[in-house]
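Here the structure is laid out as structure tokens; the discussion comes afterwards.
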Amino acid sequence: LAKTTQPISMDSYEGQEVNITCSHNNIATNDYITWYQQFPSQGPRFIIQGYKTKVTNEVASLFIPADRKSSTLSLPRVSLSDTAVYYCLVSPAPTGGYNKLIFGAGTRLAVHP
Amino acid sequence: GAGVSQTPSNKVTEKGKYVELRCDPISGHTALYWYRQSLGQGPEFLIYFQGTGAADDSGLPNDRFFAVRPEGSVSTLKIQRTERGDSAVYLCASSLIGRSGNEQFFGPGTRLTVL
């Protein structure tokens, strides 16, 4: 499985856009990029997933360049409630219906007033 | 709707004791996963169930750990002869088999402390 590298921590302020970049130089052709969010004392929560170019949902956008060796999670206009740990995962689409997720240490985002 | 629930939320035990951790997945989800999360780290895969059978138990650290899912819904993670190093948050997740993507729905976890 491809290894991912992301910043250990980031700081931002309310109302700003936050971009968290993840490096995955050894990504395989059939790998997808998935981001999860985790608040203290809760389990991780799926945010977004993509394969190439750009994916957007009601929570975030995911930008993936053509070489797919990195990806950027973009959170528009963050609020205090976006303070959490964000995990970048690279793994194949589920085969046989499942996929064990491999988490790194994640990026701790702190949003300040 | 109801999400994944886990009981107890906290469990304190003594070294050498036996513990059981319970997971109630989202109704209709046939895939169930257990993960373990140590402080400051991301979750680590333990075992996966497809229906009643353990399809992948490659993440279980040793034979003191065992999990069952007898009726294909509720699952129990069992730890024998607990050690201090077993202290962690144990997370359960479920998902729909056949659904594209890697979206798993996690419960809040059980925090296990072995004294």
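Between A:VAL90, A:VAL85, A:VAL78, A:VAL59, which is touching a strand residue (DSSP E or B) at 6+ places or on another chain (Cβ under 6 Å), of a type in the set (Val, Ile, Thr), farther than 30 Å from B:GLY51 by Cβ and within 11 Å of chain B (Cβ to nearest Cβ)? Full working, then the answer.
On the way: A:VAL90 fails: farther than 30 Å from B:GLY51 by Cβ; A:VAL78 fails: within 11 Å of chain B (Cβ to nearest Cβ); A:VAL59 fails: within 11 Å of chain B (Cβ to nearest Cβ).
Only one candidate passes the filter, namely A:VAL85.
Restricting attention to region B:39-72, report how many residues are of a type in the set (Ser, Thr, Tyr) and open to solvent by 50 Å² or more (accessible area, probe 1.4 Å). Give the derivation first.
Step one: filter region B:39-72 for residues of a type in the set (Ser, Thr, Tyr), giving B:48, B:52, B:58.
Still in the list and also open to solvent by 50 Å² or more (accessible area, probe 1.4 Å): B:52, B:58.
Qualifying residue count for the region: 2.
Looking at the structure I just gave you, is B:LEU32 within 11 Å of another protein chain (Cβ to nearest Cβ) and either in contact (Cβ under 8 Å) with a residue 40 or more places away in the chain or under 23 Å from A:ALA105 (Cβ atoms) (or both)?
Spelling it out, B:LEU32 is indeed within 11 Å of another protein chain (Cβ to nearest Cβ) and either in contact (Cβ under 8 Å) with a residue 40 or more places away in the chain or under 23 Å from A:ALA105 (Cβ atoms) (or both).
Out of (1) touching a helix residue (DSSP H, G or I) at 6+ places or on another chain (Cβ under 7 Å); (2) open to solvent by 20 Å² or more (accessible area, probe 1.4 Å); (3) within 29 Å of B:CYS92 (Cβ to Cβ), what's the single condition that is false for A:GLN42?
Only one criterion in (1) touching a helix residue (DSSP H, G or I) at 6+ places or on another chain (Cβ under 7 Å); (2) open to solvent by 20 Å² or more (accessible area, probe 1.4 Å); (3) within 29 Å of B:CYS92 (Cβ to Cβ) is unmet by A:GLN42, namely (1).
Given the criteria closer than 27 Å to B:GLY16 by Cα, touching a residue at least 24 places away in the same chain (Cβ under 8 Å) and touching a Gly at 6+ places or on another chain (Cβ under 8 Å), does B:GLY72 qualify?
Numbers: closer than 27 Å to B:GLY16 by Cα: no; touching a residue at least 24 places away in the same chain (Cβ under 8 Å): yes; touching a Gly at 6+ places or on another chain (Cβ under 8 Å): yes.
Taking the combined requirement at face value, the residue does not satisfy it.
Output the residue which, of all residues in region A:24-39 that are out of contact with any Ser or Thr (no Cβ under 7 Å at 6 or more places or on another chain) and free of Cβ contacts under 8 Å to residues at least 60 places away in the same chain, is surrounded by the fewest Cβ atoms within 10 Å (Cβ to Cβ).
Within region A:24-39, the match that is surrounded by the fewest Cβ atoms within 10 Å (Cβ to Cβ) is A:THR29.
Go through A:GLY104, A:GLY43 for me and flag whichever is without any contact (Cβ under 8 Å) to a residue 24 or more places away in the chain and under 27 Å from B:ALA88 (Cβ atoms).
Details: A:GLY104 fails: without any contact (Cβ under 8 Å) to a residue 24 or more places away in the chain.
Residue meeting the stated conditions: A:GLY43.
Report yes if some residue within region A:58-69 is open to solvent by less than 80 Å² (accessible area, probe 1.4 Å), under 21 Å from A:GLY15 (Cα atoms) and modelled with pLDDT under 95; otherwise report no.
Applying the first criterion (open to solvent by less than 80 Å² (accessible area, probe 1.4 Å)) to region A:58-69 yields A:59-62, A:64-65, A:68.
Cutting the leftovers down to under 21 Å from A:GLY15 (Cα atoms) gives us A:59-62.
In the following step, the residues that additionally are modelled with pLDDT under 95 were identified as A:59.
Yes; the residues of region A:58-69 include at least one that is open to solvent by less than 80 Å² (accessible area, probe 1.4 Å), under 21 Å from A:GLY15 (Cα atoms) and modelled with pLDDT under 95.
Considering only region B:19-29, I want to know if a residue exists there that is modelled with pLDDT under 95 and either buried (at least 19 other Cβ atoms within 10 Å of the Cβ) or within 12 Å of chain A (Cβ to nearest Cβ) (or both).
yes
Residues that are away from every other protein chain (no Cβ under 11 Å) and among the polar types (S, T, N, Q): which strands (runs of 3 or more DSSP E) entirely in region B:39-82 hold 2 or more of them? Even if it seems obvious, please write down each step before you answer.
Details: elements: B:44-50, B:53-56, B:65-68, B:75-79.
Here the list reads B:75-79.
The values are calculated or read from the model by the stated rules, or taken from the named source; none is laboratory data. Predicted model only: the values in this text are computed from it and were never measured. Every residue, glycine as well, gets a Cβ built from its backbone with ideal geometry; the counts of neighbours run over all protein chains shown. Note: areas computed on protein heavy atoms with side chains; ligands, DNA, RNA excluded. Shrake-Rupley method; radii C 1.70, N 1.55, O 1.52, S 1.80 Å.
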